[in-house]
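I am attaching a structure below and will ask some questions about it afterwards.
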Amino acid sequence: MRKRRFGLFIVMLLGIVLIGAIPRSVHLHTLYAASNENAITSEELHEVLTSAMVSRTDQFQFTYKGKVKVLKATLQEAIEKAMRSDSYIQYTLKSYAYHYKGTNASAEVSIEFKYRESLEQTAYVNSRVDQILTDIIKPGMNDHEKVEAIHNYVVLNLAYDEAMQKYTAYDGLATGSTVCQGYSLLTYRMLTEAGITNRIIEGQAGGQLHAWNLLLLDGVWYHMDTTWDDPTPDQPGKVSYNYYLLTDEEMGQDHTWEEQYPTAATPYREAIHVLMLQKDDKYPAYERLYETLNYGLYNENEIIQTSAELRERVQSKIDEGAHSVIFRYDGEENELFRELKELYSLGIKSISYYVSDFEDTGDLKVKVNWKQ
């Protein structure tokens, strides 16, 4: 069993009193402090704060006009709303702090932000993402193909940072490694630039903090975890699809989350099945994806029940030049073991296999590897 990886670092509120010094101070929006004529109201706070976060402003001051007795709650709500407006902002903001003083109707407010990724680093990410998408997104690709291309790029080109010191998309692109937060940020940015609506999910896996993506494809939401689809230790050239476009129920087998996110209820295999029935020029791509995702396991006509069926399935894979096969087996593991030994008659020199329950069907999901 491969090691599970974590590394989600949630933005921290430092408090109403400013704490520490910010190395770089960019005083944007100071014009709002010039006079009450340019004061910011509670309705304008969200827009102003979002602009400051996007431009990676470290520190700024303004005059607030409104009920000061509720200013703390108003500021907190506006900051959180600004963060939620863009997952990339939310998970590159490291911490924030604010203080204010004034009368009952107005106050002078000072806010400081700290970021995990600078404006220059984000610009690097945006530039690299544009280049990468130009390389991997081919003319005529639809959204299903784009999602797979992006998933595979992230998995193949990032390695998990076992030291847990790298948290951003910039870290991943510049150094080749990052934690789950960096994986999901890069996936988010690439999907967004490819026109795929998505957001970052914050939850737990294995009882620890974790992050992954939720994306909208043909009007249906799916979970996708590029971190857990990347083997650890890193295996160059290897891509897993265990966490590729899953429903809430499928993802919930080992991932949990408390915040209310869009519901992912429709299995992706149903979408692929419908697309394959169209028999258009994309059929080969859908058929390959159907096989890659092992959706044949849901076809009862393909369940292995006898040793003869097993030999026939393995022989067909050998003829294709393959050295492994995944299938659904109707039987007990001791029966499977006896039938696997019979495969040596096909000229196989060594066999290894992995068994797990296939959902709640009572059948087994089996992967067999062999050498010749």
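Evaluate the Kirkwood expression for the hydrodynamic radius of segment 40-140, namely the inverse of the mean inverse distance over all pairs of different C-alpha atoms, and round to one decimal in Å.
Values: mean 1/r = 0.0664 Å⁻¹.
Computed over Cα pairs of segment 40-140, the Kirkwood hydrodynamic radius comes out at 15.1 Å.
Would you mind checking the tilt of helix 268-277 against the longest principal axis of the Cα atoms of the chain, expressed as 0 to 90 degrees and rounded to 10?
60 degrees
Could you state the angle between the C-alpha long axis of helix 42-54 and the longest principal axis of the C-alpha atoms of the chain, as a value from 0 to 90 degrees rounded to the nearest 10?
Rounded to the nearest ten degrees, it is 60.
Sticking with this one: Compute the Cα gyration tensor for segment 127-224, then decide on rounded, prolate or oblate, letting a ≥ b ≥ c be the square roots of its eigenvalues: rounded whenever a/c is under 1.5, prolate when a/b is larger than b/c in the other cases, and oblate in all that remain. Don't jump to the answer; show the numbers that get you there.
Numbers: a/c = 2.39, a/b = 1.29, b/c = 1.86.
Oblate, since a/c reaches 1.5 and b/c is not below a/b.
Suppose every K and R has +1 on its Cβ and every D and E has -1 on its Cβ; what is the size of the dipole of segment 175-243 about the Cα centre, in Debye to the nearest 20?
Values: 3 positive and 7 negative charges, 13 e Å.
Dipole of segment 175-243, to the nearest 20 debye: 60 debye.
State log₁₀ I(q)/I(0) for segment 209-329 at q = 0.22 Å⁻¹ as given by the Debye formula over alpha-carbon point scatterers of equal weight, solvent excluded.
At q = 0.22 Å⁻¹ the computed log10 ratios are -1.34.
Please give the charge dipole size of the chain, origin at the Cα centre, charges +1 on K and R Cβ atoms and -1 on D and E Cβ atoms. Round to the nearest 20 debye.
Working: 37 positive and 54 negative charges, 293 e Å.
For this selection, approximately 1400 debye.
For the charge dipole of the chain, defined by +1 on Lys and Arg C-beta atoms and -1 on Asp and Glu C-beta atoms about the Cα centroid, which residue among S85, H255, Q372 has the Cα displaced farthest towards the positive pole?
S85
Choose one of S352, M141, G102: the residue whose Cα lies farthest towards the positive end of the charge dipole of the chain (beta-carbon charges +1 Lys, Arg; -1 Asp, Glu; about the Cα centre).
About the Cα centre, the residue reaching furthest to the positive side is G102.
Rank these residues by their accessible area, most exposed first, probe 1.4 Å: H46, H223, H323, H99. Spell out each step's value before the answer.
Values: H46 55, H223 5, H323 95, H99 75 Å².
Correct descending sequence by accessible area is H323, H99, H46, H223.
Compute the acute angle (0 to 90°) between the alpha-carbon long axis of helix 71-84 and the principal axis of greatest extent of the alpha-carbon atoms of the chain; round to the nearest 10°.
30 degrees
Can you tell me the relative contact order of the chain? Whole percent, Cα pairs under 8 Å, sequence separation 6 or more.
On the way: 611 pairs, mean separation 42.2, N = 372.
Relative CO of the chain lands at 11 percent.
A further question on this structure: Run the dipole for segment 115-269 about the Cα centre, Lys and Arg Cβ at +1, Asp and Glu Cβ at -1, nothing else charged, and hand back the magnitude in debye, nearest 20. All intermediate terms of the calculation are to be shown ahead of the outcome.
Values: 9 positive and 23 negative charges, 67 e Å.
Computed charge dipole of segment 115-269: roughly 320 debye.
Using the per-residue mean of other Cβ atoms lying within 10 Å as a proxy for protection, in what order, highest first, do the peptides 205-216, 122-133 fall? Show your work: numbers first, answer last.
Details: 205-216: 20.5, 122-133: 16.2.
Averaged packing, sorted descending, gives the order 205-216, 122-133.
So, one more: If you take the Cα atoms of segment 37-84, find Rg, then find the Kirkwood Rh from the mean of 1/r over all pairs, what is Rg/Rh?
Values: Rg = 10.5 Å, Rh = 11.1 Å.
Result for segment 37-84 is an Rg/Rh of 0.95.
The values are calculated or read from the model by the stated rules, or taken from the named source; none is laboratory data. Source: prediction; values computed, not measured. Note that each Cβ is placed from the backbone with ideal geometry, even for glycine, and that neighbours are counted across all protein chains shown. Note: areas computed on protein heavy atoms with side chains; ligands, DNA, RNA excluded. Shrake-Rupley method; radii C 1.70, N 1.55, O 1.52, S 1.80 Å.
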